[in-house]
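Report on the following structure.
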Amino acid sequence: MEERLDTAAAARRKHRGHGWWCATATGVSLTALGLTLLSRVIVPPSATLVVAGAVFAAVAALVAFLGRSLHVARRRAEAEAREAAILARRLEWQAREACALADELAAQRRFLRQVIDTIPSFVFAKDRGGRYTLVNRALADAYGTTPEAMVGRSDADFNANAEEVAAFRRDDLAVIESGRALHVAEEPITDAAGAVRLLQTVKLPLRAAVAEEGPADQVLGVATDVTERRRLEAQLRHAQRMEAVGQLAGGVAHDFNNLLTVIKSFGELLLQDLPADSAQHADVREITTAADRAAALTRQLLAFSRKQVLRPEVLNINGVVSGVTAMLARLIGPGIRCDAVLDPALATVRADPGQVEQVILNLAVNARDAMPDGGCLTIETRNVTLDAEDAARHAAPEPVLPGPYVLLSVRDDGVGMDAATLARVFEPFFTTKPAGQGTGLGLATVYGIVRQSGGHVTIESARGVGTTVCVYLPQHAEAERPAGAAARPARAARPGGRARAPA
């Protein structure tokens, strides 16, 4: 016992302030340790000292209990701190993962938005109320707004054509209620500029993710603008019709011209055998005159069908225009002023001079007839270059190749033509003039001559505005121009034979 107390006392001195640990290490209670220490210090012990030792032992026991409690609490706090740190790291990792997923989702949304906006067709989705829930850039541009501005609004907010809006609404509801796709071969839509476009549309039902059958919640539409395709198809059909008419007219004109040659030849033989003062002589003369007029018509038909024999040469159209000005002054009459705007640096073309004169005269006659109350006839020449877009716009009724051209335009401020008339002006024997005042071969002849010369012709006209006919002839290579082919200053005729310097 003494040895254990000594060991405890030594531990107490070595670890001052750690009474509970010393007692535990030596296996001696704190009370016994306290009494032993008091007995070593004060001998013999008194009752007061015993009481004091007991109090000290109680205090020491309390301190030991509090130490144990604090130790347990500290260990628990450390464990909770470790768990909190682990949870914090886990939450931080989950937050980083959530941010990465959000960024990936945003990138996917931007990519899908870019894909939808890049599609040239109209892509849209509408709910049961007819309100847009998805719109791509192409449709928004057609309506002159943005995709964001269209979401939540209906067609009636952007389209002033009530019939079109009603048709859209009817088809949308049919798709939503039936749950079946709808193919619309062609439907009109009026854009923000008031132009009518033709659409080829497919509408599909959209259901909620949990619903695989039954009525749809929305309708998805993909509409392709086929306006340009329809225009090109109409041009192709017109070109095919013109080609067929040209082949027919050429064949008939060729055979009829042979018959006219026989009629005229035998008529001239009869004229040689008949006295000049006889009634039969006059009758046969009328036969030969009619044959000559018929032969002129056949030549026009041959020109339209491009079967006329041409004698092309390198020439400057300014010289041709200057050469026919005096004839134009007598042809158009005194009530019409004739102006010429001729480019002095005009390029040369390879064409038949006589046929070019025929083109100018035919166009001048048509312009004169369109101005019964007088007006102004303007002939203009200049160099132009058609790019691919211009060539596509001018491709009526046949395709046009891009490149450099010489433009010969004849413009009047007459009564003009409507769209229906304008679509048929090149057809042979089509005329708006009263019976007996025109054959309907003037513009057909112009068309045939220009096309046979490698060029093309376009017409722009409107009621009350006038008409402009543009003839495009391919420019001749500069190296092949003849000497002295530079354009000379051109002068234009006025009524009465007076000439005017070009503007």
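The values are calculated or read from the model by the stated rules, or taken from the named source; none is laboratory data. Small disclaimer: the values here were computed from a predicted structure and weren't measured. With ideal geometry, Cβ positions are generated from the backbone for all residues, glycine too; neighbour counts draw on all protein chains shown. These area figures cover heavy atoms from the full protein model, side chains too; ligands, DNA and RNA do not enter into them. Shrake-Rupley method; radii C 1.70, N 1.55, O 1.52, S 1.80 Å.
Residue check: is Ala160 in contact with a Gly (Cβ under 6 Å, 6 or more places away or on another chain) and of a type in the set (A, V, I, L, M)? Criteria not met by Ala160.
When Gln94, Gln114, Gln108 are screened for being within 20 Å of the chain's Cα centre (by Cα) and over 18 Å from Asp225 (Cα atoms), only Gln114 passes. Across segment 177-190, the number of residues qualifying as modelled with pLDDT of 90 or more and open to solvent by less than 20 Å² (accessible area, probe 1.4 Å) comes to 2. Taking Gly144, is it over 23 Å from the mean Cα position of the chain (by Cα), assigned to a loop (DSSP other than H, G, I, E, B) and surrounded by fewer than 16 Cβ atoms within 10 Å (Cβ to Cβ)? Judged against the criteria, Gly144 is not a match. The set of residues in segment 310-365 being outside any helix (DSSP H, G or I), surrounded by 21 or more Cβ atoms within 10 Å (Cβ to Cβ), at pLDDT below 90 and touching a Lys or Arg at 6+ places or on another chain (Cβ under 7 Å) consists of Ile336, Cys338. Taken together, the residues in segment 147-163 that are crowded, with 17+ Cβ neighbours inside 10 Å and among the acidic types (Asp, Glu) amount to 1. Each residue in segment 453-498 was checked for being open to solvent by less than 60 Å² (accessible area, probe 1.4 Å), modelled with pLDDT under 80 and not in a loop (DSSP other than H, G, I, E, B), and 2 pass.
For segment 183-205, name all the residues that are in a strand (DSSP E or B), in contact (Cβ under 8 Å) with a residue 40 or more places away in the chain and aliphatic (A, V, I, L, M). Answer for segment 183-205, where residues must be in a strand (DSSP E or B), in contact (Cβ under 8 Å) with a residue 40 or more places away in the chain and aliphatic (A, V, I, L, M): Ile189, Leu199. Scanning segment 78-135 for residues that are open to solvent by 90 Å² or more (accessible area, probe 1.4 Å) and of a type in the set (Ser, Thr, Tyr) returns a single hit, Thr118.
A search for C-beta distances below 7 Å between a residue of segment 155-176 that is free of Cβ contacts under 8 Å to residues at least 40 places away in the same chain and any residue that is of a type in the set (S, T, N, Q) and open to solvent by less than 40 Å² (accessible area, probe 1.4 Å), counting only pairs 6+ apart in sequence or on different chains, returns Phe158/Thr145; Asn159/Thr190; Ala160/Thr190; Asn161/Thr190; Glu164/Thr190; Val165/Asn159.
Quick check: anything in segment 204-215 modelled with pLDDT under 95, closer than 21 Å to Ile119 by Cβ and open to solvent by less than 40 Å² (accessible area, probe 1.4 Å)? Within segment 204-215 (the criterion being modelled with pLDDT under 95, closer than 21 Å to Ile119 by Cβ and open to solvent by less than 40 Å² (accessible area, probe 1.4 Å)), the answer is yes, since at least one residue qualifies. In segment 49-71, the residues that are surrounded by 13 or more Cβ atoms within 10 Å (Cβ to Cβ) reach residues that are outside any helix (DSSP H, G or I) with C-beta atoms within less than 9 angstrom, at least six apart or across chains, in these pairs: Leu49/Ile42; Gly53/Pro45; Ala57/Ser29; Ala61/Ser29; Gly67/His18.
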